[in-house]
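Below: one structure, written as structure tokens.
Each reported figure results from applying straightforward, stated rules to the coordinates on display, with no laboratory input. Note that the structure is a prediction, hence the values are computed from the model and not measured. All Cβ positions, glycine included, derive from the backbone under ideal geometry; neighbour counts span all protein chains shown.
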Amino acid sequence: MKCKIQVTLEDEQGQIQVEDVIRLDKNISDQDYCAGLSLQESKQLLKILQGKIVLFEAQAYANTHRDCPCCHTKRRIKDCRYIQYKTLFGTVVTPSLRLYNCKCSDNREKTFNILRGWLPQHISPELQYIETKWASYMAYEKTANNKNQN
Ligand SMILES: [Zn+2]
């Protein structure tokens, strides 16, 4: 049995983009056959899906914030860099344009990263929460172990 999973992404202007996410080739007569998704397949699916969605959102954000908010002219591109965005489902590498600030802007910086306003931190709030929670447990465990040793 072959299974193809696609995602349909629609931006604010109504433009639709369909992308393949994953293809699964399952043989029901295999000894290690698992009905539905295995844990490994589901992790792979979520990682790929997360990457596609974040890239789509980053592109949509960049498209809607390319113009100067004051005079509405397109800001010139200096270069393109890549930022890493860490999520619960893996790290997503997304291109991010560096633009020149418009002459009408009173900003002292010549250039800026267009995704800085959208992703000021390169970690998702959910991942940050989980990491903080785990860190608090580990600190308690260490403290408890040290207390028992004394
Ligand atoms: Zn301007």
Only one residue in T64, T111, T132 is hydroxyl-bearing (S, T, Y) and surrounded by 14 or more Cβ atoms within 10 Å (Cβ to Cβ). Which one? T111
Condition (residue is over 22 Å from Q17 (Cβ atoms), among the hydrophobic types (A, V, I, L, M, F, W, C) and touching a Ser or Thr at 6+ places or on another chain (Cβ under 8 Å)) applied to region 31-40: is it met by at least one residue? no
Residues of region 89-121 being in contact with an Asp or Glu (Cβ under 8 Å, 6 or more places away or on another chain) and within 16 Å of the ligand (Cβ to nearest atom), in sequence order, are N101
Matching entry among G90, G51 (being farther than 24 Å from N107 by Cβ and in contact with a strand residue (DSSP E or B) (Cβ under 7 Å, 6 or more places away or on another chain)): G51
Criterion: of a type in the set (D, E, K, R), within 16 Å of the ligand (Cβ to nearest atom) and out of contact with any Asp or Glu (no Cβ under 9 Å at 6 or more places or on another chain) - qualifying residue of R75, R66: R66
Please go through region 1-35 and give me each residue that is among the aliphatic types (A, V, I, L, M), more than 30 Å from A62 (Cα to Cα) and loosely packed, with under 11 Cβ neighbours inside 10 Å, ordered by number. M1, I28, A35
Give all pairs with beta carbons closer than 7 Å in which a residue from region 97-126 that is touching a residue at least 12 places away in the same chain (Cβ under 8 Å) meets a residue that is small (G, A, S); count only pairs at least 6 apart in sequence or on separate chains. L97/A62; N113/S96; I114/A62; I114/S96; L115/A58; L115/A62; L115/S96
Filter result (touching a Cys at 6+ places or on another chain (Cβ under 8 Å), among the hydroxyl-bearing types (S, T, Y) and in a strand (DSSP E or B)) within region 85-111: S96
Matching entry among E57, E41 (being surrounded by 15 or more Cβ atoms within 10 Å (Cβ to Cβ), charged (D, E, K, R), more than 16 Å from the ligand (Cβ to nearest atom) and within 21 Å of H122 (Cα to Cα)): E57
Of all residues in region 119-138, count the ones that are touching a strand residue (DSSP E or B) at 6+ places or on another chain (Cβ under 9 Å) and of a type in the set (A, V, I, L, M, F, W, C). 3
